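Just below is one structure, and these are the notes that go with it.
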Amino acid sequence: MTVDDTGSGTGAHPAPDGEPGRTAGSVTDPAPARVDTHDADDTSGAQGPHGANGRGDAGARVDTNGDTAGEKTGGTAGGTASGTTGGKTGGTAGEKTGGTTGGKTGETTGWMDGRSRLDAQNRMDEQFADSGEDPLALRLETLILGAERRYTPFQAARSAGVSMELASRFWRAMGFADIGQAKALTEADVLALRRLAGLVEAGLLSEAMAVQVARSTGQTTARLAEWQIDSFLEGLTEPPEPGMTRTEVTYPLIELLLPELEEFIVYVWRRQLAAATGRVVQAGDDEEMVDRRLAVGFADLVGFTRLTRRMEEEELGELVEAFETTAADLVAAHGGRLIKTLGDEVLYSADDAGVAAEIALRLIETMANDETMPELRVGIAFGTVTTRMGDVFGTTVNLASRLTSIAPRDAVLVDGAFAEELIRTGDAPASEAEAAEAAAAAEKEGEEPPDYHFALQPMWQRPVRGLGVVEPWLLARRDGDQP
């Protein structure tokens, strides 16, 4: 049963003018669709029995034994088990068991026949005419969300059993704009509200923590979605055949990619969650879980502002993409964590000072060997860092940023605390004289000399904006130590 704009039940909507029960994609039997009586009050927009966005013209759920196009074994482009496009088991392009062009078991090139599919889907356009929105955009939204628009925000909050105020807080935290009382929400939105509110009611999260969960998830996935559309789908939706438009290819492509990408995202999230949980468990005490001693590094491209004035936008985008990709790969490969990228700058952290030093020098060496890349400079500081929602804050982070701004080209500057940590762990000697003495003593005793990886050179003290006077150290590899 649907819910009207005031939140009350009104039953099923009447069928539109035309042939009752006939599906939008039907080209076979003109007989009326047989309505399953136990669900006859499902209205237009209700989820079909097999397709995530199944819907007949009359709004009633069509019995899968009926005689309409889009049955389990029927097969017209655009039909589903309930007579719409996108059903998993109906006769649409991309289904598992249907016999139409584009089925996973059908011809491998069938999915590219976007023109014939678009013709079938265009018959649904009149249903969206009143909304003033692009019909294809609405069909894509329905495909991706798995359900059609059904609720206003008030109706969604009421169905989820939460106050409108709390629902609005969750909605904004996820990064979505206020929409007044437009009917734009789906069953999935109701379920999301219900889940968050349930966590609060069960005492697993406070209301403030639930809002933080919504905000962190929204911010992370918003960037992911933008990247996938801008960088991934843009390249894949080039017309596979002459004369076809990108629009004709987009729908079937998303239909095929969506389940695969969804499973992959969940897999990566679980892996990252397992790694983060392991770090927290090893922290030792509750305070260290929030305020931890970390090495924090900034890597910055030199002269990036001048480059933006000389390079075309596409060239600049390729350079930034190459820099971010190289940095992300090096940080991950050597055991660091990429906190964020800022175009011409990356921020990373590491539990171990030696790991942070290795990452910094690798970044310098890799960029120096690439003629297309500008010079790089890196600043690293070591100390207490506050971690929150995947980001890092505190004086240590600010100091690393300031060191980056004063570092020479193709060089790494570190603070005194970082230098002391390298010396303490045996990764670097306090001075070359000390290294020579340690080597001589080891040789006299018939032992292996200390295996120092890095060299530290004190620099002149200098004032740093907002942090007073600091004594930076120049970090380099020891002679003979190869990356």
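The values are calculated or read from the model by the stated rules, or taken from the named source; none is laboratory data. Owing to the predicted nature of the structure, the values given are computational and were not obtained by experimental measurement. Ideal geometry is used to build each Cβ from the backbone, glycine not excepted, and the neighbour counts take in all protein chains shown. Heavy atoms of the whole protein, side chains included, go into the accessibility calculation; ligands, DNA and RNA do not. Shrake-Rupley method; radii C 1.70, N 1.55, O 1.52, S 1.80 Å.
List of remarks:
- Contour excess over end-to-end distance, with Cα ends at Ala368 and Met459 and 0.36 nm allotted per residue: 30.5 nm
- Most to least packed among 293-299, 382-388, 314-320 [average Cβ atoms within 10 Å]: 293-299, 382-388, 314-320
- Percent accessible area from carbon and sulfur atoms, the range 352-470, protein chains only, probe 1.4 Å: 49 percent
- Within-15-Å neighbourhood charge of Met209 [Cβ basis; K, R +1; D, E -1]: +2
- Judged by the ratio a/c of the largest to the smallest principal axis of the C-alpha gyration tensor, the range 316-371 counts as oblate, that ratio being 1.5 or greater while a/b is no larger than b/c.
- Estimated at 0.36 nm per residue, the fully extended path between Glu318 and Glu375 surpasses their Cα-Cα distance by 18.9 nm.
- Spacing of the two label points (7 Å from each Cα toward its C-beta) at Ala137 and Phe176, in nm: 1.6 nm
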